[in-house]
Amino acid sequence: MEERMRLQHVSLRGRRFLIQFYEIMREFGGVIPWLDGMDEMRFATDGRWFCDELLRRLGQRNGRVTPYQFVDADDGRTFVGGILHFDESPEMLRDSRNAKTVERLTAGGASYISCLQVRPTRQGVGVASHMMKRAIEAILARHGSVWGVVSDHRLLPWYASLGATLPSPLNNQDGLWVVSWRSDP
């Protein structure tokens, strides 16, 4: 499997990301709070408008969002799945313990990741684990540390198996768990 996929970062303004966003909304719309109100955007065809509107809605006009995609190495075009990397998080956490954890991570230079997804036809065969390992490795090499949130507590052991730490309390008001990674010094 490893030799069959390539990790690429793509433009927010391009058609490739529009396809990825469609998949993000299909899987995470209604689950991830910062995606609320963006459902109609998944049908956008103008990449420039889409990019500007996404950044505006996220309150990140000056921020950078980098979509990473996994594609089949055979043709370099077939979308397998992806993950988003943000310089600044769009998350709004209510639990003060989670908010303090995120504030500490951000002050330490950690950036944010979200929306790991795998096309349904490629699920159940280890693609997500492979993709996450490769994406975390690439992001840590560029940024040093990264964090994200997990919306299903049953996935916490999976994230731990990928090297994540869990600085978030298990019982919290958000029903979200902060996970983080640091690059080795």
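Bear in mind these aren't lab numbers, they're just calculated from the coordinates by the rules spelled out. Source: prediction; values computed, not measured. Ideal geometry is used to build each Cβ from the backbone, glycine not excepted, and the neighbour counts take in all protein chains shown.
Structure summary
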{"quantity": "Helix-only CD estimate at 222 nm, as mean residue ellipticity for the chain, using -39500 (n - 2.57) per DSSP H run (n ≥ 4)", "calculated": "-10000 deg cm²/dmol"}
{"quantity": "Antiparallel content of DSSP bridges confined to the stretch 2-182, in %, to 5", "calculated": "90"}
{"quantity": "Shape box of the stretch 33-114 [Cα atoms, principal axes, largest first, Å]", "calculated": "45, 28, 21"}
{"quantity": "Where N is the number of residues in the chain, Cα Rg divided by 2.2 N^0.38 Å", "calculated": "0.99"}
{"quantity": "Distance-filtered residues of the stretch 53-93 - backbone nitrogen under 14 Å, label point 7 angstrom along Arg15 Cα→Cβ", "calculated": "77-79"}
{"quantity": "Full-stretch length increase - Ser129, Asp74 - with 0.36 nm per residue and alpha-carbon distance subtracted", "calculated": "17.8 nm"}
